[in-house]
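Scroll down for the structure; my scribbles are underneath it.
The values are calculated or read from the model by the stated rules, or taken from the named source; none is laboratory data. Fair warning: this is a prediction, and the values are worked out from it, not measured in the lab. When we count neighbours, we look across all protein chains shown, and the Cβ atoms used for this are built from the backbone with ideal geometry, even at glycine. Accessible surface is based on the protein model in full, side chains and every heavy atom, while ligands, DNA and RNA are left aside. Shrake-Rupley method; radii C 1.70, N 1.55, O 1.52, S 1.80 Å.
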Amino acid sequence: MSDSLSSALLVWYDQSARVLPWRSDPTPYHIWVSEMMLQQTQVDTVLPYYQRFMSLFPDVFSLASAPQADVLRAWEGLGYYSRARNLHRAAQKVVAEYSGQLPQDLAQLRQLPGIGRYTAGAIASIAFDQPEPALDGNIRRIFARLLNARHPLGTPASDAELWDAARKHLPARRAGDFNQALMDLGASICLPKAPNCPACPLRDFCQAFALGAQKELPVKKAKKPVPEYIVTAAVIAVEGRVLIQQRPQGGLLGGMWEFPGGKLEPSDAGLEDCLQREIREELGLDIQVGAGFGVYKHAYTHFRITLHAFCCALLPGETLDLSAYPQARWVIPPELAAYAMGKVDRQIANRLLKTTPSTPN
DNA sequence: TACTCGTGGCT
DNA sequence: TAGCCAAGAGT
């Protein structure tokens, strides 16, 4: 049943909804892909990726049958690459078990890789018009303010309170629009730091606004400090080719390609020593380290790195047995574009396209 | 529960 | 400028 809060919100949404490609043609596949891309990622960042992804993989069958390498390459730059691997696996499961039709049942949706509580609710409500809440960061913030809820976000008490509130206020009709309206409101008016309360259609329902406490909410847990690591990477060139390797599935940048190297350890005498050790450990090769090939600073979510890249050569007599290291590959620089990489390694690859690495000696 | 997992834009 | 933040999921 529609309460006055949801009615006021839907009136606002009918006037203010953002025009988005997945809203213009809200098939289950479109909603699903968009929701995967939008996890922890803002709409403006997603838009060009969504358009390109749909041109490459217009339906669940083309996605399911594509090589993982193509999916990761299409995802490069969006981050959180487990989303791409999970979406790809889920597409194969939907084809194999559901004849290519995304299930409507909430429990069945949650069985698909990459679909958790939020995304299942979003797909069920937006694509299938089911009365399900979908609690994301925006909606958590909005309900925390509406209720003057003081439990820190992410705690069980907060989750229970906010999911209950979202379900309680869900209208019987247009649940998908209700959820999307809250997300639009969170992205445009009920902002984290500077909420524009005078423009808010829910102002009269908001306890935080009544108390003047909107900027104190939501309460967040304290964050841990982020460590900084010194990292090295080797551009090993032999006869015009450079060595890259694929990272293992599952961890950071899983399935992506990189220039081999690793973290500076306390036992390393220096950057050169670190790089020689890493290449010996990872590939069984002894290398000569030459000139620098750039210093790259990068911030991940939970740590920061300063990466020192070097031009390197194999010591005389060294060869790489590719059958023993199937994750490694020798490629000419123009081919690097076909290999999905994280931001730092892509910067190195792009520099290689412009500059031939110098040969040690 | 707490931690991992990317990147770009903003202040 | 260095943090903060974003349509979370998996372990």
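Report the semi-axes of the equivalent ellipsoid for the stretch A:14-68 in whole Å, largest first, where each axis is √(5λ) for an eigenvalue λ of the Cα gyration tensor. Walk me through the numbers before you get to the answer.
Numbers: eigenvalues 92, 32, 17 Å².
So the three semi-axes of the stretch A:14-68 are 21, 13, 9 Å.
How about the stretch A:187-254: which trypsin sites (Lys or Arg not before Pro) there lie in a loop by DSSP and see at most 13 other Cβ atoms within 10 Å?
Values: sites: A:Lys193, A:Arg203, A:Lys215, A:Lys220, A:Lys221, A:Lys223, A:Arg241; in loops: A:Lys193, A:Lys220, A:Lys221, A:Lys223.
Answer in residue order: A:Lys193, A:Lys220, A:Lys221, A:Lys223.
Given H placed on each backbone N at 1.01 Å, which residues far from A:Arg304 in sequence or on other chains put an amide H within less than 5 Å of it?
Excluding prolines and chain starts, which carry no amide H, the hits are A:Glu228, A:Tyr229.
Counting Lys and Arg as +1 and Asp and Glu as -1, each charge on the Cβ, what is the dipole of chain A about the Cα centre in debye, to the nearest 20?
On the way: 37 positive and 35 negative charges, 204 e Å.
The calculation lands at about 980 debye.
Using only DSSP helix segments of four residues or longer, with each worth -39500 (n - 2.57), what per-residue ellipticity at 222 nm results for chain A after dividing by its residue count and rounding to 500? List each step's numbers first, then the result.
Numbers: 15 runs with 156 residues, N = 361.
That calculation yields -13000 deg cm²/dmol at 222 nm.
Take every Cα-Cα distance within the stretch A:229-354, group them into 10 Å bins from 0 onward, and report for each bin the whole-number percent of pairs it holds.
13, 48, 35, 4, 0
Considering only chain A, what is the antiparallel percent among its DSSP beta bridges, to the nearest 5?
Counting only bridges with both partners in chain A, antiparallel ones make up about 65 percent.
Please report, in whole Å, how far the alpha carbons of the stretch A:27-126 spread along each principal axis, starting with the longest.
Each principal axis gives a Cα extent; for the stretch A:27-126 these are 32, 27, 22 Å.
Most mobile of A:Ile142, A:Ile31, A:Ile332 per a Gaussian network model of chain A (Cα springs, under 10 Å)?
A:Ile332
Using amide H atoms built in the peptide plane, which far-off residues or other-chain residues are under 5 Å from A:Met341 H to H?
Amide H neighbours of A:Met341: A:Trp257.
Search the structure for amide H atoms under 5 Å from the amide H of A:Ala291, placed 1.01 Å from N in the peptide plane, and list their residues when 5 or more places away or on another chain.
A:Cys311
Please state, as a whole number in µm²/s, the translational diffusion coefficient that the Stokes-Einstein equation yields for the stretch A:137-201 at 25 °C and 0.890 mPa s, with Rh defined as the Kirkwood radius across alpha carbon pairs.
Numbers: Rh = 12.2 Å.
The diffusion coefficient I find is 201 µm²/s.
Along its principal axes, what span do the Cα atoms of chain A show, with the longest given first and each in whole Å?
Answer, in whole Å and largest first: 78, 48, 34 Å.
Accessible area per residue of chain A at 1.4 Å probe, in Å²? Show your work: numbers first, answer last.
Details: 17550 Å² over 361 residues.
Per residue, chain A has an accessible area of 49 Å².
Starting from the Cα of A:Leu252, step 7 Å along the direction of its Cβ; do the same at A:Ser4; then give the gap between the two resulting points in nm.
5.3 nm
What percent does the relative contact order of the stretch A:85-234 come to when contacts are Cα pairs within less than 8 Å and at least six residues apart?
On the way: 173 pairs, mean separation 34.5, N = 150.
Computed over the stretch A:85-234, the figure is 23 percent.
Order the peptides A:325-331, A:297-303, A:110-116 from the highest to the lowest mean number of other Cβ atoms within 10 Å of their residues. Walk me through the intermediate numbers first.
On the way: A:325-331: 15.4, A:297-303: 11.7, A:110-116: 17.1.
Averaged packing, sorted descending, gives the order A:110-116, A:325-331, A:297-303.
If I model a spin label as a point 7 Å beyond the Cα along the Cα-Cβ vector, how far apart are those points for A:Ala157 and A:Glu97 in nm?
3.7 nm
Keeping the other protein chains in place, figure out the carbon and sulfur percent of the accessible area of the stretch A:1-108, with a 1.4 Å probe. Intermediate values should be presented prior to the final figure.
Details: 2730 of 5270 Å².
Ligands and nucleic acids excluded, carbon and sulfur give 52 percent.
Express in nm, to one decimal, how much length is gained between A:Glu216 and A:Asn350 on full extension, taking 0.36 nm for each residue of separation and deducting their alpha carbon distance.
On the way: separation 134, 0.36 × 134 = 48.24 nm, distance 4.42 nm.
Gain in length upon complete extension: 43.8 nm.
Using label points projected 7 Å from each Cα along Cα→Cβ, tell me how many nm separate A:Ser323 and A:Lys223, to one decimal.
The answer from the label model is 5.0 nm.
I need the calculated FRET efficiency for the pair A:Ala269 and A:Ser55, taking r as the beta carbon distance and R₀ as 56 Å, to the nearest 0.05. List each step's numbers first, then the result.
Values: r = 50 Å, r/R0 = 0.90.
It comes to 0.65.
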